[in-house]
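Participant: There's a structure below that I have some questions on.
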Amino acid sequence: MKVCYIAKITGVVQGVYFRASTQNMAIDLALSGYAHNQEDGSVEVMACGDEANVLQMLAWLEQGPDEAEVENVTADPTHIRDINHFSIG
């Protein structure tokens, strides 16, 4: 079943290749969506795809790349988006 989640990741998550690493993970998991820096220093990630793969992404976000220091991840389901790529911004 296809699902979409939007997650907010806080901590040291900007300037540590968090978005690029998230994009690489999303490509590996065949997910669509995005990873965007937010003005408050957090990163917002939308991940859409097979439920098991999205859940794997959400679990990965709890740690992120080696350089990151993730403090908190909140994730909520959202309506399914008809997009076929994963972008960073």
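What follows draws every value from the coordinates through simple rules; no lab data is involved. None of the values given here were measured: they were computed from a predicted structure. With ideal geometry, Cβ positions are generated from the backbone for all residues, glycine too; neighbour counts draw on all protein chains shown.
Participant: Given (1) touching a residue at least 12 places away in the same chain (Cβ under 8 Å); (2) at positive phi; (3) over 11 Å from the mean Cα position of the chain (by Cα), where does residue 15 come up short, assuming only one miss?
Facilitator: (1)
Participant: Would you kindly identify the strands (runs of 3 or more DSSP E) lying entirely within the chain that contain at least 3 residues that are polar (S, T, N, Q)?
Facilitator: Working: elements: 2-12, 32-37, 43-50, 69-78, 86-88.
Answer list for the chain: 69-78.
Participant: Additional query: Would you be able to tell me the number of residues in the stretch 38-68 that are under 18 Å from residue 81 (Cβ atoms) and either polar (S, T, N, Q) or free of Cβ contacts under 8 Å to residues at least 12 places away in the same chain (or both)?
Facilitator: The number of residues fulfilling the criteria is 2.
Participant: Quick check on the stretch 10-37: of everything there that is crowded, with 24+ Cβ neighbours inside 10 Å and β-branched (Val, Ile, Thr), which residue is nearest to residue 80 (Cα to Cα)?
Facilitator: Filtering the stretch 10-37 for residues that are crowded, with 24+ Cβ neighbours inside 10 Å and β-branched (Val, Ile, Thr), the one nearest to residue 80 (Cα to Cα) comes out as 22.
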